[in-house]
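Below is one structure, written out as structure tokens, with a few remarks after it.
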Amino acid sequence: MQEFTYTPLRSAQSTRLIKILPGEAISSIKCRIFEINLHDLPISGYTALSYCWGSASKTEPITLNQYPFRVTENLYAALQVLCGSHNTDLFWIDAICINQSDLEERSAQVQNMKKIYEQASRVVIWLG
């Protein structure tokens with residue numbers, strides 16, 4: 001099956017958010033990812049997740065816009081908890097919302113991180 005591929009962001013003032021979709025099994029995490037402009041944030045707000053990435057060699061599968069996507073074990077554990085307690089919220093999670101393979105996008109998003117965290121309605125810190 002084809003892996004998830006990112007669509008380039010439309011502007012330097014854009015980022016992506018994810019919505020964890022309600023599911024029947026906590027072992028099957030499904031998310032929807034979409035682009036937003038940092039000036040047009042959803043009224044309901046979003047949660048920014050801060051966490052330790054963990055080993056890139058140890059990953060678990062999730063589904064992102066109906067395509068397979070791999071996340072680190074530590075992020076997967078955080079998503080399992082968030083899925084069970086906040087499944088109607090929107091999230092900004094750097095490893096998912098930033099195309100880590102695109103150095104130009106990654107650099108632009110790092111410049112926006114202060115604003116992303118400041119504008120979050122909630123910040124969750126995951127220690128594992």
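Going by accessible surface with a 1.4 Å probe and the largest first, R32, R106 read R32, R106. For the residues T59, T15, T7, a 1.4 Å probe over the protein chains yields an accessible-area ranking, largest first, of T7, T59, T15. Its convex hull of Cα atoms gives the chain a direction-averaged projected area, equal to a quarter of the hull surface, of 7.7 nm².
Report, to the nearest whole %, how much of the accessible area of the chain belongs to carbon and sulfur atoms, 1.4 Å probe, protein only.
About 53 percent, which is the carbon plus sulfur part of the accessible surface.
Restricting the GluC sites (Glu not before Pro) of the range 1-49 to loop positions (DSSP other than H, G, I, E, B) with no more than 12 neighbouring Cβ atoms within 10 Å leaves E3, E24.
Looking at the chain, send over the antiparallel percent of its DSSP beta bridges, to the nearest 5. List each step's numbers first, then the result.
Values: 15 of 24 bridges.
Counting only bridges with both partners in the chain, antiparallel ones make up about 60 percent.
On a per residue basis, the chain carries 57 Å² of accessible surface, using protein heavy atoms and a 1.4 Å probe.
The listed residues K30, K114 rank as K114, K30 when sorted by accessible area, largest first, using a 1.4 Å probe.
The values are calculated or read from the model by the stated rules, or taken from the named source; none is laboratory data. No experiment lies behind these values; they were computed from the predicted model shown. Reconstructed Cβ throughout: ideal geometry from the backbone, glycine too, with neighbour counts over all protein chains shown. Side chains included, ligands, DNA and RNA excluded: accessible areas come from the protein's heavy atoms. Shrake-Rupley method; radii C 1.70, N 1.55, O 1.52, S 1.80 Å.
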